[in-house]
1. How much accessible area per residue does the chain have, in Å², with a 1.4 Å probe?
2. Please list, in order along segment 76-82, the HN-Hα scalar couplings obtained from phi with the Karplus expression 6.51 cos²θ - 1.76 cosθ + 1.60 (θ = phi - 60°), rounded to whole Hz, x for Gly and Pro.
3. Starting from the exponent 0.38 and prefactor 2.2 Å, build the expected Rg for segment 52-155 from its residue count and divide its actual Cα Rg by it.
4. Report P(r) for segment 1-127: all Cα-Cα distances, bin width 5 Å, range 0 to the bin holding the largest distance, values in whole percent.
5. What are the extents of the Cα atoms of segment 184-277 along their three principal axes, in Å, largest first?
6. Taking a temperature of 37 °C and a viscosity of 0.692 mPa s, what whole-number D in µm²/s does Stokes-Einstein yield for segment 133-252 with Rh from Kirkwood over alpha carbon pairs?
7. I need the calculated FRET efficiency for the pair S268 and A227, taking r as the beta carbon distance and R₀ as 45 Å, to the nearest 0.05.
8. Taking all pairs of different Cα atoms in segment 197-238, averaging 1/r and flipping that mean, what Kirkwood radius in angstroms comes out?
Amino acid sequence: MSITIFMHMRRLLEMIRFIHTLFALPFALLSALLAWQGKAFHWHDLSGILLCMVFARSAAMAFNRLADRHYDAANPRTAGRHLPSGQLSVIAVWIFTLACSAAFVGSTTLFLLSDNPWPLYLSIPVLGFVLGYSFSKRFTALCHFWLGASLLLAPLAAWIAVRGLEQLWTPAVLGLAVFFWVSGFDILYSCQDVDFDRKARLSSVPAACGVPASLRIALACHMLMLACLLGLYWVAQPHLGVIYLLGISAIAVLLAYEHWLVRPDDLSRVNRAFFNVNGVISVWLFLVVVIQLVVGV
């Protein structure tokens, strides 16, 4: 029995690509780090942020697989996923989704130890918005920006968890950087499914505008991301300095490399751009801010 449970959990974690929590978690922790510059650090706040991020993302990914299972089965690129291929049952994924959703809401009660009820108050609306993304492709080509807005909530929520509703400019600017970053790379990723989306009457920027125009829109999003990161330098003063600016320069190089990898006539390297480069970007920015706060230059 223990082996069976282990295999089910392994498949569930594979289904939600648990390791890709790295995309959003560093931005939440970065926001919390900046928030703690003017607030006392508490271990229960850090624990709450980590638990909320893990459970919210896990619930959202599992729900997305449930909502899209019939489309995934019809798409040759995704037909091998766990639900279409029968590796996991619908009931098992529903139980996992509901358990993660309940755990997310429950985790927000940790912030009550700091007399901060806002995470608990906002938990249900946030969860509803994040889960709602799974249906956005049915009716709007702006679905990529819904996903971006969902991840925008990570740094904003982490800040509110530490400092409540005070001085929200810093997490708002950081959140906008995440918004444009995620929206841009999701547009890149969706270029793989342009033919299927049109056939299935699903909405996306590539299906509506074509691949060449979509790549230009994604590039514009990433340029706006860099602009927001520069804006963060100003709103988060005096905590960010030269090291942070050098770190942004490296991110610009990584984004240029990402867009060099994906071309209108060659989408074979989309996965490398999506998973490898973006994972490096999020972790790199977090490390840069940590070094900046420690060194103070």
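1. Normalised by residue count, the accessible surface of the chain is 46 Å².
2. Working through the residues one at a time gives x, 5, 10, 5, x, 5, 4 Hz.
3. Working: Rg = 15.2 Å, N = 104, 2.2 N^0.38 = 12.8 Å.
With N residues counted in segment 52-155, Rg over 2.2 N^0.38 Å equals 1.18.
4. All Cα pairs, binned at 5 Å, distribute as 2, 10, 17, 19, 17, 13, 10, 6, 4, 2, 0 percent.
5. Extents along the principal axes, in whole Å: 52, 22, 18.
6. Numbers: Rh = 15.4 Å.
Translational diffusion coefficient: 214 µm²/s.
7. Values: r = 30 Å, r/R0 = 0.67.
The computed FRET efficiency comes out at 0.90.
8. Values: mean 1/r = 0.0818 Å⁻¹.
Over segment 197-238, the inverse of the mean reciprocal pair distance is 12.2 Å.
The values are calculated or read from the model by the stated rules, or taken from the named source; none is laboratory data. No experiment lies behind these values; they were computed from the predicted model shown. Ideal geometry is used to build each Cβ from the backbone, glycine not excepted, and the neighbour counts take in all protein chains shown. For accessibility, only protein heavy atoms count, side chains too; no ligands or nucleic acids. Shrake-Rupley method; radii C 1.70, N 1.55, O 1.52, S 1.80 Å.
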